[in-house]
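Data first, discussion second: the structure below is written as structure tokens.
Laboratory data are not the source of any read-out in this text; all were calculated from the coordinates shown. Bear in mind that the values here come from a model prediction, so they are computed numbers and not experimental data. So basically every Cβ, Gly included, is an ideal-geometry build from the backbone, and we count neighbours across all protein chains shown.
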Amino acid sequence: MAIDYSLELAAIEGNPPLKELDEIIIKPMVTKPSRKYQIVLAITTSLLIIGAICIGITFYYGIGMWGNNQPVAWAFDITNFVFWIGIGHAGTLISAILYLLRQQWRNGIARFAEAMTIFAVMCAGIFPIIHTGRPWLAGYLIPYPNQHVMWPNFISPLVWDVFAVSTYFTVSLVFWYVGLIPDFATLRDRTTNKIRKTIYSVFSLGWRNSSRQWQHYEKVYMILAGLATPLVLSVHTVVSWDFAAAIIPGWHSTIFPPYFVAGAIFSGFAMVSTVLIFIRKIFDMEHIITLDHLEKMNKIILLTGSMVGYAYIIEWFMAWYSGSPVELFTTLNRAFGPYAWGYWIMVSCNVFFPQLFWFKKIRRSVPITLVIVILVNVGMWFERFVIIVASLSRDFLPSSWHYYKPTLVDMGILFGSFGLFFTLVLLFARTLPVVSLAEIKSIVPGAQPSHGENQHE
Amino acid sequence: MVEIKNEMDPKDKKEALDTDYWRSFKELFKDTSTIDSSHNEFGKSVTEDFDPSKLKGISRRKFIALVSASAALAGAGCSDYRSKGFIVPYNQMPEEVTVGNPTYYASTSTSCTHSCGVLIKTREGRPIKVDGNPDHPVSKGKTCAKCQASIINLYDPDRLEFPLERSGNEFLKRDWKVVDDAIISALNNSSSKQIAIITHTVNSPTSKKVLDDFVQKYPNTKIYSYELFNEQIRNSAWKKCYGTDNFPLINWDQAKIIVGLETDFLGIDGNKVETTRLFSDGRNFHQTDNFNRLYIFEGSISVTGMNADYRIKLRPDAQYELVLSLLNELDKKGISIPAGSQAYSGYSLDSFAQKYSVSKNRLNLLVKDLIKNQGSSLVYPGRTLPEEVHVAANILNEALSNTKLYRTDAAETPVLSLTSKDDIARLVQDINSGNVAVVIHYDSDPVYHLPKDFSYTDAVKKVPMIISMVGSKNDSSALGNYILPINHDFESWGDFKPRSGFYSMQQPVIDPIFDTRQKEVILLTWLKGKPVVYDDQIYHNYLKNNWEQNIYPGINSKMNFTEFWNAALHDGVVIFEESVPSLGSFDKSAGNSLPKPSSNHSGFVVALRESYQAGDGKFLNNGWMLELPHPVSKITWDNYAAISNKTAKSLNVDDGDFISIQVGNRKLEIPAFIQPGAADNTVTIELGFGRKVVGIVGTGVGFDASVLMSKAGDFSPWIYEGSNITKGSGSYKLASTMEHHLFDNELTTNVAQKRKIIQEGTVEEYKKDPNFLNAPKPNEEESLYHKHPYPGVKWGMVVDLNKCIGCGDCVIACVSENNIPIVGKDQVLVSREMQWLRVDRYYSGTIEEPTVSNQLMLCQQCDNAPCENVCPVAATTHSPDGLNQMIYNRCVGTRYCSNNCPYKVRRFNFFNYRDHFKDHFQQSQLFSLAANPEVTVRSRGVMEKCTFCIQRIMDARSLAIEEHREFKGSDVKTACQEACNTNAIMFGDENDKNSIIHKYRNHELAYYVLEDLNTKPNVTYLAKLRNTETEVA
């Protein structure tokens, strides 16, 4: 099929020389960090340390340090887990699905989004382990041959989770690393520092930019993209089964897999936008990560946000249509019960505000976009909170109903996970090219085979 | 094996030396030390002595074995699993003990004044569980929660371990000998001054004899006996009407209509163990024609009120008017009233109904019922009501010839009557005038219990010698000179005679844990005078002699005394023929002295009740009891002022806000609690809390409402009219195990009924159509998973909600049997209580007139258990006999099972709860002795739940195998079932077609909670039938 690339907007603005592109992208890696960077890093590492201390307290004293109770046995822990797993989804979508769909504009943001996927999954991965009462025995969840002939319970969605999340992390990491190989080679070639050169040499796996290598590389990258694509759908589907396979009203629902996947992409794009808005500003990459990129992402946010809104409406319909009084109660209770505040934060942040993106002006306004994507992040965190906590706090037997209140340790771990995420993002921004050096060059004007005029100027 | 050469060949050595190369002058000039060292290139090292040739005996395999052994050692040595000590076998095997098998001893509990017979289960010499003694004629194998919980009073780390003597503001450890000497000389020097012994109820004849002996030796001794709550008013009213001393026992099971006036006979009034059993006999759905009907008029909901068919809220000071109005109404209806009409004329039921906004229909129905059921109805006023109510009720019962319900075959005959309050006032007077030399608090706490305006506290400080014999420190002992630690029941000998016709025997089941003595022994030691002799058999022998000489001859036993004595101890009871004093005949002039009720009830009325949890304060240091949710409010660890919603609104207070109560010049600040169904302008507070001197557990628990009591007690010692209540400052957190205020909105009202969790009907409906309930039975639907085959037995439980009164005795039994930890108020506040078994209390209707439904909730052991398939590590599995098992060692604590349990009966160890509580007392060596060795003590991070007492099932199974017989469902009794006074809990084999379980699972009244989830629960509920009439709301 012939594709007329000239119909697309330029993925990067201007027509920078390739060398200049390299320099812009590599600049943060070779210059001394600015004061601002140091302050931000200090803040994020402080959060990280607070989180680590809170986890330490949890390990020492027990889960009782959290607000979890009977009936709300899961609260911030699993909310954070689902939230972070969701954040990761944008990265995989951008790097794999958009790659397969030949969406060239992705090249400017793919690296970053992939890195965020890995960091988000790392943040997420903490929670299933620390949420257990005896985390030192968390290895029981992994199937391994043992003298008890004791296997995990393969019909438990939590075991599926273990597989889904570990697969996701592995594939994302390999995919990311493979994408980095040509860049490591470029870095190796450019640097004069011996230590760096050694490190880059090792990681570039002897990359010499030969045609054969490129040929192999492209194939591997495509295969990995193909492998990663189903994960975009499967991981959050499996995560949603944690709830859908349970019988708790508000959980037991077949709508959960698509609803969760849409929500994950929704929140993931919001998070990518949030971070990129800062990165492009700080590192002067506004013409590499352009307004068009942001607008395109805003469109996806609008789409997935509407899907999420649709899911919310369907939940009401199903609550009525199911004929189950408990199900109806749970839905009503979410909106009008003790956690109504959480529900309405969720609805306004996830449904109302993203609808503003119907307006082009708003889509292309960086400050408004920033506000909305942050609200989406808040809203999507609350979505998980409402699903988990509001459903559990009032389930079948009214005798067990109890309100859940988070403790300081809960808050500390939540902020700690943000601390971990942003610390990793900041370190990444200074140690590795945040935009793929190789891929970005392939989309500068003139890099594509074309019969258009601008080739022979 | 290749031989490794250690040394150079001598030839090579020579050559090496002959080289032309040299590295130093020393070498060049062939210095000997250099030559030597050149042989040893690497100098002296640790491997010097390592000679591989010597290792020939060690094979490769052995080497690897050694390496791995050292690795394992290093691994084990560095692990955190500390040695928990050794299990030491008996050096000398005691008789009757088989290690690993429990031994049961019959004894008597003195947790309350009713002296129930108990069977104490001991393991390796330590008591671990209390159950009822089936041979006991009153308790019949049942016990109450307090009795069950008394076991941790034995192992209370706050128990006194040795005698203490005051020195300044401190108490110092003393030897018994020193203490005894000092006290004996004080007793001897008391000369003509009074020696006051203050005790609780004494219903042990031999204990009474000890006191008599004491009085004989020291004739200046006076004995005062008191109880915080007692039957004195009821008895004095009885005496006025019938001329005899004691109110008779009642055949509750034969009463068709029971009218309770501010009474909680199913809870704390009277002998609960017996009354509840007899009452529930009258609520048998197989005999709907004999179904009793319970009317309750009360100020705040009690256990009895929860079980009433018609519960009418009424302020306690209006009860008198109610009885007078009923008398008047009955008189009008042609019943002859055996009293002059001047007492009640003018009190019409209509105007009463209007004045107190009581439903007239209900009152009319009540009158109709009373007339229809003459001879089998009973009007029963509470013990806290004033005398005139009791007299009027006696007249009413006499008029309806309800006296037929009074028992003539048995009676309560006190061994020692309680002291009147005038005598106590006189004691205080005597103390103040310096006429009392010694005060002995004989296992009592008058400083805490007596109304404060006796000024006993101030007075007793003037006594030169105050001796407190107590188990652990209390408010009274803190004022004394000597604190003498006494034995727990389980370390004591005794005999009790709470009623005519039998004795209940007490024998120790464990040696005194500390340097304590039985209180009778202390007195006997003093009686012996100098030289001080103590012998731990002293009271045993005294008891035996007393029986041999004074009691045994009157019993006409065919056995010789030794045989008789051993049999008595073995059985725990001695039943014999005894004549019962006659009831006396009714004195028609009794009604003449009835006063006119004060027509105007203005202001608030304060009603004081005994605590379900703390008793009279005796159980305030008992974590099991304090954590037992209040049967009605479900509040733990506190008492509170129960007020109605309307009153709360008018005072502008919410749950937990302090209110300030003023009665006369006595004041109390206490948090309010909005009790649905409470009468307006009535404040109900439970006593027994807020002791100032108490152990770790009870410190700071609750509020001492006894400060409101007055010795004058114009109305009654426990009910105060005309008190003034204002909103106090601040608020307080009350830890409840259930949410309040489900009346608030349409969403949450009657939600348990809407969801068919509670399914009920009326007797009328059931008679008309036995299948009225039409509850779906579990059906065989297709399942993704294979069906469990259940060969052999399959465990099932049936809970008869007609019989369950919601008292919570079963909860304590479960706690005791299954080593369930105490979590403390802070954890109950965040809803982390650990009890495996709970009594759910649901209100329906309005907050003003709620209907209460109770439901025992425990693991339903579902066939399709939602918890089982979600556990990622298979820590909860299905057993072939239908249990959802919990494998603690495998559990990693994801809590997924708990989330997915629709019944929310799983409990998670959010902390190491044994360590979590104040001072870690649950981990103390002493407290740990209360643990059942058959049940694992769970660690932090592990889920736990009810498994139908799996340890008992396993015990019974091995016994059946050992005895080569078929294992039957009836072989096993769960702890809750054993404790249930009303036999509401039944347990057995569903597969056994002849079993009661099988029968009831298919009964028309049977239903399953959340049956529509297809969890296929194995706990069957038999729907409650209310004996109400359709047209009367």
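Quick look at the numbers
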read-out: Mean shadow area of the range B:862-950 over all directions, Cα convex hull, nm²; value: 6.2 nm²
read-out: Residue B:104 paired with residue B:173, simple spin-label distance in nm, labels 7 Å along Cα-to-beta-carbon; value: 4.0 nm
read-out: Reachable lysines from residue B:62, criterion Cα separation under 26 angstrom, eight or more residues apart if same chain; value: B:5, B:54
read-out: Order by protection proxy (mean Cβ within 10 Å, highest first), peptides A:344-354, B:390-400; value: B:390-400, A:344-354
read-out: Burial ranking of peptide ranges A:175-181, A:212-218 (average Cβ count within 10 Å, highest at the top); value: A:175-181, A:212-218
read-out: Full-stretch length increase - residue B:245, residue B:457 - with 0.36 nm per residue and alpha-carbon distance subtracted; value: 73.2 nm
read-out: Rounded to 5, the percent of DSSP beta bridges in chain B classed as antiparallel; value: 55 percent
read-out: Normalised alpha carbon radius of gyration of chain A [divisor 2.2 N^0.38 Å]; value: 1.02
read-out: Helix A:76-92 axis, angle to chain A major axis (alpha carbon atoms, nearest 10°); value: 30 degrees
read-out: Within the protein assembly as shown, helix-based [θ] at 222 nm, where runs of 4 or more DSSP H residues each add -39,500 (n - 2.57), nearest 500; value: -11500 deg cm²/dmol
read-out: Using a Förster distance of 30 Å, the FRET efficiency for residue B:968-residue B:782 (Cβ separation, nearest 0.05); value: 0.35
read-out: With Cα atoms, 0 to 90° folded angle of helix A:325-336 axis to chain A main axis; value: 60 degrees
read-out: Share antiparallel - DSSP beta bridges, the protein assembly as shown, percent rounded to 5; value: 55 percent
read-out: Rounded Å value of the spacing that divides the Cα centres of the range B:577-624 and the range B:935-987; value: 40 Å
read-out: Of every Cα-Cα pair in the range A:229-275, the percent that sits beyond 16 Å; value: 42 percent
read-out: Calculated Rg and Dmax of chain B using C-alpha coordinates, Å; value: 35.0, 145
read-out: Tail weight of P(r) past 14 Å, computed on alpha-carbon pairs of the range B:364-419, percent; value: 64 percent
read-out: Antiparallel bridge percentage (DSSP; both residues within the range B:602-736; nearest 5); value: 70 percent
read-out: Gain on full stretching of the segment that runs from residue B:64 to residue B:212 - 0.36 nm per residue minus C-alpha separation; value: 45.2 nm
read-out: Rounded if a/c under 1.5, otherwise prolate or oblate - the range B:232-405, Cα gyration tensor axes; value: rounded
read-out: Entries in B:461/B:634; B:256/B:558; B:272/B:727; B:142/B:787; B:142/B:208; B:177/B:452 that, when Cα-Cα distance is taken, lie over 32 Å; value: B:461/B:634; B:256/B:558; B:272/B:727; B:142/B:787; B:177/B:452
read-out: Relative contact order (%) - the range B:914-1029, alpha-carbon pairs under 8 angstrom, separation at least six; value: 11 percent
read-out: Test item: A:126-136 mean partner chain Cβ contacts at 10 Å; value: 4
read-out: Sorted largest first, extent of the range B:195-274 alpha carbons per principal axis (Å); value: 53, 28, 20
read-out: Potential lengthening between residue B:71 and residue B:561 on full extension [0.36 nm per residue; Cα-Cα distance subtracted]; value: 169.6 nm
read-out: Residue order, fewest to most surrounding Cβ atoms within 10 angstrom, among B:218, B:456; value: B:218, B:456
read-out: Residue order, fewest to most surrounding Cβ atoms within 10 angstrom, among B:165, B:610, B:966, A:286; value: B:966, A:286, B:165, B:610
read-out: Which of A:430, B:126, A:363 has the fewest Cβ neighbours within 10 Å, and the rest in rising order; value: A:430, B:126, A:363
read-out: For the protein assembly as shown, diffusion coefficient by Stokes-Einstein and Kirkwood Rh (Cα), 4 °C, 1.567 mPa s, µm²/s; value: 34 µm²/s
read-out: FRET efficiency, residue A:360 to residue B:747 (Cβ-Cβ, R0 41 Å, nearest 0.05); value: 0.45
read-out: Rounded to 10°, Cα long-axis angle of helix B:387-399 versus longest principal axis of chain B; value: 70 degrees
read-out: For B:823-836, mean number of other protein chain Cβ atoms within 10 Å; value: 3
read-out: FRET efficiency for residue B:692 and residue B:712, using Cβ-Cβ distance with R0 set to 22 Å, rounded to 0.05; value: 0.35
read-out: For A:63-69, mean number of other protein chain Cβ atoms within 10 Å; value: 6
read-out: Of A:405/B:1016; B:146/B:497; B:945/B:973, those spanning more than 28 Å from alpha-carbon to alpha-carbon; value: A:405/B:1016
